[in-house]
Amino acid sequence: VQLQASGGGLVQAGGSLRLSCEASTRTGNEYGLGWFRQAPGKEREFVSGISRSGRRIYYIDSVKGRFTISSDSAKTGYLQMNSLRPEDTAVYYCAMTWASWDQVKVHAYEYDYWGQGTLVTVSS
């Protein structure tokens with residue numbers, strides 16, 4: 001499975017962006033979806049994940065209430081980012097992994113397939 005992340009860009013603080021993650025093949029409900037980000041000089045961190053069932057969703061505390069993860073269960077996942085802050089500036093990566101039906105994996109090493117990353121820059 002090849003993943004293509006898109007939707008990044010430059011936005012002012014308080015603005016919104018919607019990231020997309022498109023798989024090269026229809027994935028159906030076979031994989032869990034995760035979004036990670038890596039800011040300059042920092043390690044890659046988990047941002048959000050959604051289970052295959054869609055019923056379990058995790059967010060890191062800093063994005064709760066501002067970001068929304070979703071998946072169309074076919075081949076595309078999304079990360080809606082509202083009320084963006086300068087500290088959200090990073091390269092965002094989508095990733096997919098086989099997981100049990102209601103499982104959300106939060107570690108990068110647990111993910112099998114990765115997109116190339118899309119840059120999000122939030123100006124103050």
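Can you tell me how many residues in region 2-43 are within 15 Å of GLY115 (Cβ to Cβ), more than 12 Å from the chain's Cα centre (by Cα) and surrounded by 15 or more Cβ atoms within 10 Å (Cβ to Cβ)?
The qualifying residues number 3.
Answer yes if at least one residue in region 98-113 is more than 20 Å from THR25 (Cβ to Cβ), open to solvent by 60 Å² or more (accessible area, probe 1.4 Å), at pLDDT 95 or above and part of a helix (DSSP H, G or I), and no otherwise.
yes
Filter region 71-97 down to the residues that are acidic (Asp, Glu) and at pLDDT 95 or above, then identify the one that is surrounded by the fewest Cβ atoms within 10 Å (Cβ to Cβ).
Looking at residues that are acidic (Asp, Glu) and at pLDDT 95 or above, I get GLU87.
Could you grab me the full set of residues in region 53-70 that are open to solvent by 50 Å² or more (accessible area, probe 1.4 Å) and basic (Lys, Arg)?
Within region 53-70, ARG55, ARG56, LYS64 meet the criteria.
Here's the yes/no breakdown for (1) in contact with a His (Cβ under 8 Å, 6 or more places away or on another chain); (2) more than 18 Å from TYR111 (Cβ to Cβ); (3) of a type in the set (Asp, Glu):
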| residue | (1), (2), (3) |
| --- | --- |
| VAL11 | no, yes, no |
| THR27 | no, no, no |
| TRP35 | no, no, no |
| SER71 | no, no, no |
| LEU79 | no, no, no |
| SER83 | no, yes, no |
| GLU87 | no, yes, yes |
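Does region 44-55 hold any residues that are over 8 Å from the mean Cα position of the chain (by Cα) and of a type in the set (S, T, N, Q), and which are they?
Scanning region 44-55 gives SER51, SER53.
The values are calculated or read from the model by the stated rules, or taken from the named source; none is laboratory data. Because the structure is a prediction, the values reported are computed rather than measured. Glycine also receives a Cβ, built like all others from the backbone with ideal geometry; neighbour counts cover every protein chain displayed. Ligands, DNA and RNA are stripped out before the accessible areas are found, and what is left, the full protein with its side chains, is counted by its heavy atoms. Shrake-Rupley method; radii C 1.70, N 1.55, O 1.52, S 1.80 Å.
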